[in-house]
Amino acid sequence: GVSLEEVAAATALVTRQGSPTSFVMRGLRAAMVALVKPTEDMQQLINQVADANKNMENATGGAMLKALGLQGSLEALLEAAGGSKDALTAAGLQAESLAVVFGMTGEKAAQFRDFLEDITDGAGATDAAFEKMEKSMARQLERLGSEFREFKMQMGESLAPAVGIVVAIFREFL
């Protein structure tokens, strides 16, 4: 339920706040694991979120991520915990995860959405440009040339033993 774009937006936002990338990535991973394999306290928070959100199929972290996305899930957890860092720690979130949670919720939620929109729009523009490039005549010729070079290499490998024999025979006559 977590897209690559969400992970990229979260990483960009929280690293911009001063956390090293490796710290943010560990925090994201740990937060997602805490949701998918919840402690008893985390499950209670997930249950509260599920009770308040009818879009969730069931009271699991995976269902929450699917229904609310990464940022929405963290925002909902923070709300269910009453904004308490201690409650989130008791639910199994550690320092890295807490930095991520507080780095993309509350006041930072709008920034996260802006980052996500920029990444999503950029990815769409890149896909469209690539598709247009793939259809151009020059690109088609380039691909044909590449396939022909590959064919020549395969033929060369197949014919190398025979060419070696022919060269050896010609050497005998010279």
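The numbers here are math on the coordinates, done by the rules we state, and not lab data. Every value quoted in this text rests on a predicted model; they were computed, and no experiment measured them. A quick note on method: Cβ atoms are made from the backbone with ideal geometry, for glycine too, and the neighbour counts reach across all protein chains shown.
In the chain, the DSSP-assigned H stretches of four residues or longer account for a calculated mean residue ellipticity at 222 nm of -27500 deg cm²/dmol, using -39500 (n - 2.57) per stretch and the full residue count as denominator. Note on the chain: Kirkwood hydrodynamic radius from all Cα pairs is 19.8 Å, rounded to one decimal. Placing R0 at 25 angstrom, the Cβ-Cβ distance between Asn55 and Phe23 gives a FRET efficiency of 0.20 after rounding to 0.05.
Diffusion coefficient of the range 39-97 by Stokes-Einstein, Kirkwood radius over Cα pairs, 4 °C, 1.567 mPa s: 116 µm²/s.
Screening the chain for DSSP H helices whose Cα atoms reach 27 Å or more along their own axis and whose mean Kyte hydropathy is at least 0.0 gives 137-173. Between Lys66 and Asp118, the modelled label-to-label distance comes to 3.2 nm, taking each label 7 Å out from Cα in the direction of the beta carbon.
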